[in-house]
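Asker: First the structure, which I've put down as structure tokens, then a few questions once you've had a look.
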Amino acid sequence: MSIKIFVKAKLADFTTFRLGGACPKLISCETPEELEKVISQLKDETLPFILIGGGSNLVVSDQGLDCCVLRYVTDKPLLKREGNDVTVSGSTSLDALALFTIEQGLEGLQYTSGIPGTVGGAIVGNAGAFGKQVGDFLKSVILLSSKGERAKVGPENLGFSYRNSNLKERDAIVVSATFALKPGNKEKLLGERKDILNVRKEKHPDLSKEPCAGSFFRNIEPTSKAEKRQATGYFLEQAGGKDLKHGGAYIYSKHANIIIKGKDCTSQDVLELSKKMAALAKEKFNLDLVREVRFVGKFAGNVKNPKELIW
Ligand SMILES: Cc1cc2nc3c(=O)[nH]c(=O)nc-3n(C[C@H](O)[C@H](O)[C@H](O)COP(=O)(O)OP(=O)(O)OC[C@H]3O[C@@H](n4cnc5c(N)ncnc54)[C@H](O)[C@@H]3O)c2cc1C
């Protein structure tokens, strides 16, 4: 049994941004069975809860959270192949899933190599890279509500769009998922993975030295079907965004759409810097940036889209 309870846990210890105050209780579980057990106990408690995965897409308030946090992450991948389908727990890391499918000679998820976080978090945010996203290959998911009700649903019920799904607004935890893949050439897929990991290493910060949550804003929507989605980082860089700072928050030197936690940085600094980035994109290019990263908890001043404030 690997259920662990941390009292007065600091969220900074459970997010890649290394930011966020304490919550009264953090319960960590790894398997679908443990998750269901914890939910069956939490559903009768008065203290509400939120669920996190790898914490790689979150900015948690400096003031901490007034609720219990349930963390669904495992470092022992829970994966099973049946034909060309692969079933995986929501707690398994997305990169472990990518590597498993490649080693099995299955094509489709190699593009997700190196993306931090869990399979559950990736499905909620329809994570992806190089024009491919996890929703493209999903066959079904097992969902669990905060009341402990189970449901199996297909991707047509999840409202997938670019970096989005309707799970962001639903009371539903991704317990496990099945992906439908195609047979591929293992050696070719391993080569693709190596190239992708090299590109990511070159473009992304080293999280142990420059904590962050990846790209802060979504890329720009095309205005017609003839156009491709354009990189927000490009526009921010053209506008001079790399020089922006607020308190201890600054912009990554190689990518103008990534905020880094510097010395004495607070979550509020990150919010303020993101407002400056959005204002710059509006002023120079009349672009309305949409956040990809989710804010959790209380912040001074308003967060533009309340749906992004998950607690
Ligand atoms: C260096 C870096 C690079 C990145 N590169 C990319 C990239 O190339 N492409 C990309 O798409 N993203 C990228 N990201 C962002 C991030 O990795 C993804 O958004 C990831 O899928 C988030 O997963 P997570 O488990 O960390 O989710 P968390 O950050 O823990 O949570 C995010 C949201 O998902 C919900 N959630 C988490 N697990 C579950 C579950 N099992 N069931 C229901 N809800 C759940 C949470 O409640 C929350 O609302 C990057 C981040 C970093 C730090």
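Asker: Taking interchain pairs and intrachain pairs at least six residues apart, which have beta carbon atoms under 8 angstrom, with the first residue in the stretch 152-171 and assigned by TED's automatic domain parsing to the domain that holds Gly121 and the second small (Gly, Ala, Ser) and near the ligand (Cβ under 10 Å from one of its atoms)?
Answerer: Leu158/Ser165; Gly159/Ser165; Arg163/Gly125; Arg163/Ala127; Arg163/Gly128; Asn164/Gly125; Ser165/Gly125; Lys168/Gly125
Asker: Can you tell me which residue is surrounded by the most Cβ atoms within 10 Å (Cβ to Cβ) among those in the stretch 24-54 that are assigned to a loop (DSSP other than H, G, I, E, B) and out of contact with any Asp or Glu (no Cβ under 9 Å at 6 or more places or on another chain)?
Answerer: Gly53
Asker: I would also like to ask the following. Select, from Lys182, Lys188, Lys168, the only residue that is modelled with pLDDT of 95 or more, surrounded by fewer than 18 Cβ atoms within 10 Å (Cβ to Cβ) and closer than 30 Å to Lys254 by Cβ.
Answerer: Lys188
Asker: Take the residues of the stretch 120-153 that are surrounded by 15 or more Cβ atoms within 10 Å (Cβ to Cβ) and among the polar types (S, T, N, Q): which is farthest from Lys201 (Cα to Cα)?
Answerer: Going through the qualifying residues, I end up with Ser146.
Asker: Taking the condition of being among the hydroxyl-bearing types (Ser, Thr, Tyr) and over 20 Å from Ser56 (Cβ atoms), how many residues in the stretch 191-241 meet it?
Answerer: Just the residues of the stretch 191-241 that are among the hydroxyl-bearing types (Ser, Thr, Tyr), to begin with: 208, 215, 223-224, 232, 234.
Of the ones still in play, those that are also over 20 Å from Ser56 (Cβ atoms) are 223-224, 234.
Matching residues across the stretch 191-241 total 3.
Asker: Considering only the stretch 159-188, how many residues are in contact with a strand residue (DSSP E or B) (Cβ under 6 Å, 6 or more places away or on another chain) and either within 14 Å of the ligand (Cβ to nearest atom) or of a type in the set (A, V, I, L, M, F, W, C) (or both)?
Answerer: Qualifying residue count for the region: 9.
Asker: Please specify each residue of the stretch 84-107 satisfying the condition of being part of a loop (DSSP other than H, G, I, E, B) and either closer than 23 Å to Val153 by Cα or among the basic types (Lys, Arg) (or both). Before you say what the answer is, go through the steps one by one.
Answerer: To start, the set of residues in the stretch 84-107 that are part of a loop (DSSP other than H, G, I, E, B) comprises 84, 90-92, 104-105.
Within the stretch 84-107, Asn84, Gly90, Ser91, Thr92 meet the criteria.
Asker: I would also like to ask the following. If you check Ile196 against the conditions, is it part of a strand (DSSP E or B) and within 12 Å of the ligand (Cβ to nearest atom)?
Answerer: No; evaluated as a whole, the condition is false for this residue.
Asker: OK, next. Looking at (1) farther than 16 Å from Ser176 by Cα; (2) surrounded by fewer than 23 Cβ atoms within 10 Å (Cβ to Cβ); (3) in contact with a strand residue (DSSP E or B) (Cβ under 8 Å, 6 or more places away or on another chain), which one does Thr112 not meet, given that it meets all the others?
Answerer: Here Thr112 clears every test but (2).
Asker: So, one more: Could you run through the stretch 55-67 and say how many residues are surrounded by 18 or more Cβ atoms within 10 Å (Cβ to Cβ) and within 13 Å of the ligand (Cβ to nearest atom)?
Answerer: The qualifying residues number 7.
Asker: Okay, moving on. Quick check on this structure: which one of Ala180, Ala151, Ala172 is within 13 Å of Gly120 (Cα to Cα) and of a type outside the set (S, T, N, Q)?
Answerer: Ala172
Asker: Restricting the search to the stretch 108-158, which residues are more than 8 Å from the ligand (Cβ to nearest atom) and in a loop (DSSP other than H, G, I, E, B)?
Answerer: Matches in the stretch 108-158: Gly108, Ser113, Phe130, Gly131, Ser145, Ser146, Lys147, Gly148, Glu149, Gly154, Leu158.
Asker: On the basis of being surrounded by 14 or more Cβ atoms within 10 Å (Cβ to Cβ), within 11 Å of the ligand (Cβ to nearest atom) and over 27 Å from Leu35 (Cα atoms), does Arg218 make the cut?
Answerer: Yes.
Asker: Residues that are at pLDDT below 95, within 29 Å of Lys201 (Cα to Cα) and not charged (D, E, K, R): does the stretch 294-306 have at least one?
Answerer: yes
Asker: Further, regarding this structure: Examine the stretch 67-83 for a residue that is modelled with pLDDT under 95 and closer than 26 Å to Asp269 by Cβ, and state whether such a residue exists.
Answerer: Checked against the condition, which is being modelled with pLDDT under 95 and closer than 26 Å to Asp269 by Cβ, the stretch 67-83 yields at least one hit.
Asker: Right, next: Restricting to the stretch 80-91, what's the tally of residues that are more than 10 Å from the ligand (Cβ to nearest atom) and either under 19 Å from the mean Cα position of the chain (by Cα) or within 18 Å of Ile173 (Cα to Cα) (or both)? Please lay out each step first, then the result.
Answerer: Within the stretch 80-91, the first condition is being more than 10 Å from the ligand (Cβ to nearest atom), and the residues that meet it are 80-88.
Still in the list and also either under 19 Å from the mean Cα position of the chain (by Cα) or within 18 Å of Ile173 (Cα to Cα) (or both): 87-88.
Of the residues in that region, 2 qualify.
The values are calculated or read from the model by the stated rules, or taken from the named source; none is laboratory data. Nothing here was measured: the structure is a model prediction, and the numbers come from that model. Note: ideal-geometry Cβ built from the backbone for every residue, glycine included; neighbour counts use all protein chains shown.
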